[in-house]
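What follows is a single structure, written as structure tokens, with notes after it.
The values are calculated or read from the model by the stated rules, or taken from the named source; none is laboratory data. Since the structure is predicted, the reported quantities are computational estimates derived from the model, not experimental observations. Glycine gets a Cβ as well: all are built from the backbone with ideal geometry, and neighbour counts include every protein chain shown. Quick note on the areas: whole protein, heavy atoms, side chains included, nothing else; ligands and nucleic acids left out. Shrake-Rupley method; radii C 1.70, N 1.55, O 1.52, S 1.80 Å.
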Amino acid sequence: METQVLTPHVYWAQRHRELYLRVELSDVQNPAISITENVLHFRAQGHGAKGDNVYEFHLEFFDLVKPEPVHKLTQRQVNITVQKKVSRWWERLTKQEKRPLFLAPDFDRWLDESDAEMELRAKEEERLNKLRLESEGSPETFTSLKKGYLFMYNLVQLLGFSWIFVNLTVRFCILGKEYFYDTFHTVADMMYFCQMLALVETLNAAIGVTSSPVLPSLIQFLGRNFILFIIFGTTEEMQNKAVVFFVFYSWSAIEIFRYPFYMLSCIDVDWDVLTWLRYTMWIPLYPLGCLSEAVAVIQSIPVFNESGRFSFTLPYPVKMKVQFSLFLQVYLVMLFLGLYINFRHLYKQRRRRYGQRKKKLH
């Protein structure tokens, strides 16, 4: 009796340069896999959804591919990698618009186009860094120095923000709400130090020491230092307000989870609890911090109007006085725009770490 030929379940994903196909067949030996005239042909004896049978399928690709597929056999499946002739994103896998019934997205490897571009850039940066290190000397030595430098930077920041967080917590527990109005004078010096040192993070991203994007780091550095040095640092009236406590507390609460995570990453230590806290605690803390900063800016507007500090008069023939409070009102809008940019960046980081929701994709 002739063996029945069946179609296996096939799952696919893509990157800009490659296609990945996972064929759900176990106990496969010597599969026949080839590409002719841009059509992938697969035939193999194996154990699939319909038991032990001969399974085969044919796929005509959406665009041109290189005719040398690479496959790898595992006990449970056949993994096939196909190189695209032109590095670009495909809107679908097959030339025909209607998806074959046996084909489905591989959510374990699926990325949307923007995430795939970030992965591609990261790989390219890694390749360029490797070439640069090879030309400059021993990569092991440079990597060790870089890890040591980043470890010490994150350790110093962790100690600084931990001191602020513990100081604020203990004083609040002892003095209660009365401490709100004396926050600036007890921890401002350490906050000045930590926030100025944070410039190192932006420089690290800009020169390629870390793979972090520059914009979110720069936005946070400029925003926090504007609040610290301009809103609080130049007006004694603002230094005595309760909002200082909430701004400083939210900043330090965020960083006591972020810096130890980065510090341990430098020595290749992955602590699941700390990792979860790093990728989760920002969800409530970033909006609270942004709200506290917004309250501080709003409360400072009448203070700057009354003192006239940083206000100026336009030259002749306009001769119009421009109040600094006008800039503060514009800054309020920019503050929430910056929150959106950082929130989007952190959400993408969390989604890459813990996986994205499986949504129906063609």
| Rh (Kirkwood; distinct C-alpha pairs) - segment 215-362, Å | 17.6
| field | DSSP bridge orientation in the chain - percent antiparallel, rounded to nearest 5 | value | 90
| Taking all pairs of distinct alpha-carbon atoms in segment 61-124, Kirkwood radius in angstrom | 13.9
| query | What are the chymotrypsin sites (Phe, Trp or Tyr not before Pro) within segment 62-134 that DSSP puts in a loop, where the Cβ has at most 16 other Cβ atoms within 10 Å? | reply | TRP89, TRP90, PHE107
| request: Roll a 1.4 Å probe over the protein chains and send me the accessible area per residue for segment 131-235 in Å². | output: 53
| To the nearest 20 debye, what is the magnitude of the charge dipole of the chain about its Cα centre, counting +1 on the Cβ of each Lys and Arg and -1 on the Cβ of each Asp and Glu? | 620
| field | Listed pairs LYS72/LYS123; LYS50/LYS98; LYS98/LYS348; LYS95/LYS123; LYS66/LYS123 exceeding 26 Å between Cα atoms | value | LYS98/LYS348; LYS95/LYS123
| request: Please work out the Cα center distance from segment 1-77 to segment 305-335, rounded to the nearest Å. | output: 67
| the chain: calculated mean residue ellipticity at 222 nm from DSSP helix runs of at least 4, using -39500 (n - 2.57) | -17500 deg cm²/dmol
| field | the chain: relative contact order as a whole-number percent, Cα under 8 Å and 6+ apart | value | 13
| Rounded, prolate or oblate (a/c below 1.5 giving rounded, otherwise prolate when a/b exceeds b/c) for segment 209-265 by Cα gyration tensor | oblate
| message | Within segment 66-225, what whole-number % of the accessible surface is contributed by carbon and sulfur, with the 1.4 Å probe and all protein chains included in the calculation? | response | 60
| Which whole-number percent gives the relative contact order of segment 17-157, counting Cα pairs below 8 Å spaced six or more residues apart? | 20
| Per residue, how many Å² of accessible area does segment 2-71 show with a 1.4 Å probe? | 52
| Over the heavy atoms of ARG127, what accessible area does a 1.4 Å probe trace out, to the nearest 10 Å²? | 120
| Sorting PHE180, PHE151 by accessible area (1.4 Å probe), largest first, what list results? | PHE151, PHE180
| Portion, in percent, of the accessible area of segment 250-362 that falls on carbon or sulfur, probe 1.4 Å | 66
| note | Projected onto the charge dipole of segment 107-221 (unit charges on the beta-carbon of Lys, Arg, Asp and Glu, signs +1, +1, -1, -1), the Cα from ASN204, SER114, ILE164 with the largest positive-side position is that of ILE164
| the chain: mean projected area of Cα convex hull, nm² | 27.3
